[in-house]
Amino acid sequence: MQNIAERYPKSVACAALLLLSFIAYANSLPNSFQYDDIEGIVRNPAIRNLRNVAAYFTDPQLFRLARSVDWRPILQITYAINYAIGGFDPAVFRIFNLLFHAGTAFFLFLIVAEIHRKSPTPLPPGPAGLKTWFPLIPAALFAVHPVTSQGVNYIWARSSVLAALFFLIAFYCFLRGPLGGDNRRHPWWHGAALLAFALGVASKATVVSLPAALVLYEMLFLNPDRQNVLRLYWSEPRRLIKYLPFAIAFAAYVLLRKVVLFGGLMSFLRVAPVTPLDYLFTQFRAWVYYMKLYLWPHPLMVEFPGFGWSRSLWDLHVLGSLFLVLAILSVVWRIRRICPLAAFFACWFFIALLPEASVIIRPDPITGHRPYPAYTGLSVVAALVSIYAAHWIWRQWSKPESNDANRFWRAYGVALAAILVILTGVTILRNRDWRDPVTLWSSVLKTDPTHAGAYISLGTGYINREDYAEAEKALTKAVELWPRNGTARMHRGYLYTLLERDDRALEDFTTGIELSPYGRLNYFYRGELYRKLGRYEEALGDYRSALKLGPGSPGAYFGIAMVHWERKELAEATAACRKVVESDPEDLRGYRCLGSLFMHRSLFEEARKIYAEGIKRFAEDYALWYGLATAYEELDRYAEAEEAYTKASQLLQKGP
């Protein structure tokens with residue numbers, strides 16, 4: 001085993017990191033979809049067909065069914081692949097998240113190993129294999145640390161994981177190519193770096209900070225005269241040539257976003273909660289908070305609105321945080337020559353954070369997955385600090401006769417193993433919080449009991465459990481905390497429809513629309529209630545309003561079809577059911593509805609075709625087979641009708 005490890009260090013490191021990641025996250029695989037997973041994945045028909053791949057690059061409305069859109073086609077492709085493999089089995093989605101996470105840890109290992117090979121970092125004397133295995137320490141810390149758990153557990157946060165993975169791949173390829181000194185392989189590595197950069201920005205825009213990391217590396221490691229960055233490139237302008245392809249790729253990316261999204265780098269159609277300057281003041285505090293979480297990972301939260309917004313530089317918390325950050329950067333500047341690796345990755349932490357934690361406004365002050373890419377840098381710093389601190393303690397307290405290198409590294413290895421075990425245990429416990437909406441949002445509310453959004457999500461979790469009493473308590477609390485928000489009213493109104501309390505439901509839906517006139521679901525659910533009450537014109541009006549706010553909604557089309565059917569307007573009902581199939585070919589209701597209407601109108605051949613089309617997608621649906629059989633029978637195709645009836649009977653006996 002020792003010989004194998006020495007001969008194939010990369011393969012052994014890859015296997016070790018994959019094993020560590022699996023141990024830490026194996027119990028997360030059965031967890032359910034959560035939060036934005038429902039809207040962005042489960043309710044998004046665009047990911048249910050790989051034929052939509054080309055459209056991901058041109059139609060941002062396919063990104064998610066909400067008023068917030070972005071351009072992330074590579075992310076969508078991964079979701080579509082997951083669906084093609086296992087449908088809406090969350091375990092398939094989580095396995096991919098786990099593999100991407102392990103891949104990120106592995107490329108962190110490769111980068112540290114490559115830098116350490118070219119510019120050895122001063123470490124305490126140790127065994128011969130120390131240079132090879134030191135890079136595994138930060139990679140292992142990153143693989144099992146609970147601060148990265150949201151990126152792995154939260155499927156919708158995969159964008160942050162992919163951004164980190166492609167960021168590291170591109171940086172590693174640049175190290176092996178344009179920054180590596182081997183001119184024979186520059187074009188291949190340079191091309192691979194550009195491809196990884198392109199895949200990264202097509203997963204999440206935050207990868208645009210990559211060139212800053214490359215310039216910083218060149219300044220710290222490829223600058224023998226220790227010039228500042230401006231003088232370095234002024235004295236040797238040829239150094240800039242290697243960045244031209246990145247500049248062209250970046251310009252093309254910004255132009256593409258402007259064309260596709262009608263906006264700049266970050267195009268989110270949300271109301272800005274603060275000004276860019278106030279957001280920056282808040283992020284001074286956030287930088288410190290993220291560092292604190294790495295040292296003491298509690299509390300770990302999906303989001304934390306209770307963190308609050310800072311609106312003045314003279315706020316003591318803002319000033320204190322800024323002072324601490326400047327103090328850290330001052331130390332980094334002082335150690336840049338004696339330990340450039342630590343200085344580089346300390347700056348890496350801030351570089352990776354800047355796109356989302358500076359002046360580009362995001363709707364939340366902090367989130368659990370936002371610093372995921374930045375924690376790769378902090379893991380390297382933590383590894384180096386732990387080694388230097390442990391060696392200092394060892395020298396202070398060990399006896400002179402026992403102060404030998406191998407004994408120190410054995411003791412450090414034992415301590416590191418204990419830390420990894422503890423971190424893995426905390427991660428495993430955190431995975432349990434993500435089991436379902438009730439466990440997740442209950443954990444959030446323990447830390448932030450004023451979080452109205454958490455009460456909404458908790459209420460919907462209780463609805464899924466059919467615990468309507470607890471759901472009402474949670475949603476009523478959300479309305480109390482968030483009285484001017486239409487979403488809280490919408491969810492409570494939906495609960496009241498389940499409880500047959502129609503008057504209360506109608507009141508909540510109507511108030512929700514008054515508070516949030518652009519809330520599509522309030523219109524849709526009120527339309528459903530009006531249809532139930534026989535108030536058809538009002539139902540049609542609400543369904544149409546919902547469609548204006550969210551084009552292509554199959555639920556609204558289906559509601560319109562049901563209204564027309566109940567009013568015996570079969571032609572209009574047929575047209576609406578056809579819209580269900582067109583807007584979402586993976587919606588079973590459309591095929592059942594359209595087939596039944598064709599049968600009612602004696603359009604038997606059309607019924608046969610639509611039932612057959614539905615069976616291609618839902619081969620185990622009894623109703624489609626039975627409908628196909630009756631269509632065959634009406635067409636006097638009795639042998640085929642008998643086969644279809646037999647299949648329907650088998651499925652009926654088999655049960656759900």
Residue-by-residue Karplus 3J(HN,Hα) for region 94-109, coefficients 6.51, -1.76, 1.60, Hz, glycine and proline x | 6, 4, 5, 4, 5, 5, 5, 5, 4, x, 4, 4, 5, 6, 5, 4
Distance between modelled label sites at residue 439 and residue 635, nm, 7 Å Cα→Cβ extension | 4.9 nm
Theoretical gain in end-to-end length, residue 88 to residue 314 [0.36 nm per residue, Cα-Cα removed] | 76.4 nm
Accessible area per residue in Å² at 1.4 Å probe, computed on region 577-646 | 51 Å²
Out of every Cα pair in the chain, what percent are spaced more than 40 Å from each other?
-> 39 percent
Here the relative contact order (percent) of region 304-437, from C-alpha pairs under 8 Å and at least 6 apart, is 21 percent
Residue by residue through region 153-162, the couplings from Karplus 6.51 cos²θ - 1.76 cosθ + 1.60 with θ = phi - 60°, in Hz, x for Gly and Pro, are 6, 8, 4, 5, 7, 4, 4, 5, 5, 5
Taking 0.36 nm per intervening residue step and subtracting the Cα-Cα distance, what contour gain separates residue 586 from residue 609 on full extension?
-> 6.7 nm
Local electrostatic count at residue 516 - Lys and Arg +1, Asp and Glu -1, tallied over other residues with Cβ under 10 Å | +2
Counting only protein heavy atoms with a 1.4 Å probe and every protein chain in place, the carbon and sulfur fraction of the accessible surface of the chain in whole percent equals 62 percent
Rounded to the nearest 0.05, what FRET efficiency is calculated for residue 119 and residue 227 with R0 set to 22 Å and r the Cβ-Cβ distance?
-> 0.80
Average the reciprocal distances over every distinct pair of alpha-carbons in region 280-335, invert the result, and give the Kirkwood radius in Å.
-> 12.2 Å
Specify, per residue and in Å³, the volume enclosed by the convex hull of the alpha carbon atoms belonging to region 501-578.
-> 69 Å³
Calculated FRET value between residue 50 and residue 568, using beta carbons and R₀ = 60 Å, to 0.05 | 0.90
Going by the alpha-carbon gyration tensor, a ≥ b ≥ c the square roots of its eigenvalues, is region 451-514 rounded (a/c under 1.5) or, if a/c is not under 1.5, prolate (a/b greater than b/c) versus oblate?
-> oblate
Would you tally the net charge around residue 607, using a Cβ to Cβ cut-off of less than 13 Å, leaving residue 607 out, and scoring K and R as +1, D and E as -1?
-> +1
Mind pulling the angle between the C-alpha long axis of helix 520-532 and the longest principal axis of the chain? Nearest 10 degrees, somewhere in 0 to 90.
-> 20 degrees
Where q = 0.13, 0.15, 0.24 Å⁻¹, what log10 of I(q)/I(0) comes from the Debye formula for region 10-114, counting one point per Cα?
-> -0.57, -0.72, -1.18
So, for the Cα atoms of region 418-563, Rg and Dmax in Å stand at 18.2, 67
For region 372-460, what is the convex hull (Cα atoms) projected area averaged across all directions, in square nanometres?
-> 8.3 nm²
Label region 104-241 by shape, choosing from rounded, prolate and oblate, from the square roots a ≥ b ≥ c of the eigenvalues of the Cα gyration tensor; if a/c is under 1.5 it is rounded, and otherwise prolate applies when a/b is larger than b/c, oblate when it is not.
-> oblate
Taking only Cα atoms, what is the 0 to 90° angle, nearest 10, from helix 405-433's long axis to the longest principal axis of the chain?
-> 20 degrees
Computed helical MRE - 222 nm, the chain, DSSP H runs ≥ 4 contributing -39500 (n - 2.57), nearest 500 = -22000 deg cm²/dmol
Anchor residue 647: lysines whose Cα lies under 16 Å away (excluding residues fewer than 8 positions away in-chain) | 616
Just flag the chymotrypsin sites (Phe, Trp or Tyr not before Pro) in region 513-564 sitting in loop per DSSP whose Cβ has no more than 15 other Cβ atoms within 10 Å.
-> 518
If you wrap a convex hull around the Cα atoms of region 242-390, how much volume per residue is inside, in Å³?
-> 138 Å³
Sorted by number, the cysteines in the chain with no other cysteine beta-carbon under 4.7 Å are 14, 173, 339, 347
Rounded, prolate or oblate (a/c below 1.5 giving rounded, otherwise prolate when a/b exceeds b/c) for region 585-656 by Cα gyration tensor | oblate
Once every Cα of region 61-146 carries one equal point scatterer and solvent is ignored, give the base-10 log of I(q)/I(0) from the Debye formula at q = 0.25, 0.26 Å⁻¹, two decimals.
-> -1.17, -1.20
Scan region 461-559 for GluC sites (Glu not before Pro) in coil per DSSP, keeping those whose Cβ has at most 12 other Cβ atoms within 10 Å, and list them by number.
-> 466, 500
PRE reach from residue 643 (point 7 Å along Cα→Cβ): which of region 573-611 fall under 15 Å by backbone N?
-> 609
Coil-residue trypsin sites (Lys or Arg not before Pro) of region 311-345, DSSP, other Cβ within 10 Å capped at 12 = 337
Relative contact order, percent, of the chain when contacts are C-alpha pairs under 8 Å separated by at least 6 residues?
-> 12 percent
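The values are calculated or read from the model by the stated rules, or taken from the named source; none is laboratory data. Given the structure is predicted, the values throughout are model-derived calculations rather than measurements. Reconstructed Cβ throughout: ideal geometry from the backbone, glycine too, with neighbour counts over all protein chains shown. Surface accessibility is based on the protein's heavy atoms, side chains included, excluding ligands, DNA and RNA. Shrake-Rupley method; radii C 1.70, N 1.55, O 1.52, S 1.80 Å.
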